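> Would you mind keeping the following structure in view while I ask a few things?
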Amino acid sequence: MPGREVVVIGVASSAGTHHAGQERAPAALRAAGLVDRLRSVGIPVVDRGDVVGSTFVPDDVPSTARNLDRVVAVAAATADAVAEVLGEERLPLVLGGDCTITVGVTAGVLRHHPDAGLLYFDGDADLATPETTGSGVLDAMGIAHLLGLADNALGRLGPCWPLLEDKRLVLFGYDQGDPETYREIILAARPALARYPDVDVRADPSGAAHRALSSLQESTGHIMVHFDVDAVDSRDLPLANFPHYGTGVPLAAAGEALGVFLGAPELVAVTLTEVNPSYEPSGHALARYVEAVGGALATCLSDG
C-alpha cells in the first residue's frame, strides 16, 4: 500500500530445504542494493536485520518432514516479527530464506487480518506432504501445510487450522510437470482454488496477473504476496535454490506480474524466497534480481 513505512525482516534460514545457501540471501540482497533501491525513491524503510537464522543440516535419512522442529522454530519467529510490524501499521517485507517461512508470514498476518489471502508466485505448487514425499524436504510442502493437507506443528502454527481456505489462495507460475509438488488429483478436487500455471503466465504475464489478483480480491480485503525466484527460468536467472530449466517465466515477465500484485491496495505483506547467492558469485544475477524485483517494489510502493 503506497505511503506506508516498509519494515525489512531478514529470515536467514535454509532449515527447510535440501542444502545450505539460502541463509545467506538476506545479507546478499541488502549488499546488492535492495533496501537502497527502495529508499532511493523516497520510500521510508526500517531494516530490523535478521530476526532469526538457521542453516540446513541433514537429519535422519528416513525422515518425511526433515528438520521439522527447526523449521517450526524459524516460522514461529517469523510470525511474531510480522505480527509486530503489522501492529505498528507498517508493511513487512520479508527476505528469506526457504519457502517454509511463508507459513510463518501467513500465521503472523492472520493474527491481525483473519480473512487475508495469499498470491503464491512460485515455480512449484508445493503440494507434497509427509505422506507423499520422496525427499522429506519441507519447502516442497508449503501449500500443503497452509491448506491443512499436512497436519503437524508447522501446519498448526497459526490462529486457525487450516491457515487458508481455498478461495483465499492463488497459485501462480508453477510447473505442472513436477512429479512431487504438483498433484492434479488434489487440485481437481478444489475448484475454488484459483491457479495459473507457468504456461499461462508466459503467454500473458500482465493479463494473468490481473486475473489472479482479481480472483483473490473477490474473497479478501488483505493480500500477501509470496515470490519464489524459482518461478524464473534458471537459464535466465541462475539464483533459484532448486534450479528450474526451461520452465517458469523470464525475469522481465516476473517483474511485470509482480508489478501488478505489489500495486494492490490490499497489500499487507511481501515475502521473497529461495535466492541462493552461492550459485552465481559474480553478483551479476543478484543485480538483475534487484533491478526487476526491487524495481517493482519501488514503483508500486512509492506511488501515491
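> Percent of accessible area on the chain owned by carbon and sulfur, 1.4 Å probe?
Numbers: 5580 of 10510 Å².
The value for the chain is 53 percent carbon and sulfur by accessible area.
> Hey, of [x] 74, 39, 39; [y] 50, 41, 39; [z] 60, 52, 34, which did the structure itself give for Cα extents along the principal axes in Å when calculated?
Only one option fits the structure, namely [y].
> Now a separate question. Within the range 4-44, list the residues whose amide N lies under 14 Å from a label point set 7 Å along Cα→Cβ of V57.
14-16, 20
> Counting only residues 5 or more places away or on other chains, whose amide H sits under 5 Å from the amide H of G21 once H atoms are built in the peptide plane?
Amide H to amide H, under 5 Å and 5 or more residues apart or across chains, G21 pairs with F56.
> Here's a follow-up. Run the simple label-point estimate for D36 and S206 please: 7 Å along Cα→C-beta, distance reported in nm.
Spacing of the two 7 Å Cα→Cβ label points: 3.1 nm.
> Based on DSSP H runs of at least 4 residues, each adding -39500 (n - 2.57), what is the mean residue ellipticity at 222 nm of the chain after dividing by all its residues, to the nearest 500 deg cm²/dmol? Don't skip to the end; give the middle numbers.
Values: 11 runs with 100 residues, N = 304.
The helix-only estimate for the chain comes to -9500 deg cm²/dmol at 222 nm.
> For the ranges 43-55, 141-153, 176-188, what's the packing order if you count other beta-carbon atoms within 10 Å of each residue, average per peptide, and put the highest first? Walk me through the intermediate numbers first.
On the way: 43-55: 16.8, 141-153: 23.2, 176-188: 14.5.
Averaged packing, sorted descending, gives the order 141-153, 43-55, 176-188.
> Return one whole number: the accessible area per residue of the chain in Å², for a 1.4 Å probe.
Numbers: 10510 Å² over 304 residues.
Accessible area per residue, the chain: 35 Å².
> Relative contact order of the range 1-89: what whole-number percent is it, with Cα pairs under 8 angstrom and at least 6 residues apart? Write down the numbers at each step before the final one.
Working: 115 pairs, mean separation 33.7, N = 89.
Computed value for the range 1-89: 38 percent relative contact order.
The values are calculated or read from the model by the stated rules, or taken from the named source; none is laboratory data. Source: prediction; values computed, not measured. Counting neighbours? That spans all protein chains shown, and the Cβs are built from the backbone with ideal geometry, glycine included. Note: accessible area is taken over every heavy atom of the protein model, side chains too, but ligands, DNA and RNA are not part of it. Shrake-Rupley method; radii C 1.70, N 1.55, O 1.52, S 1.80 Å.
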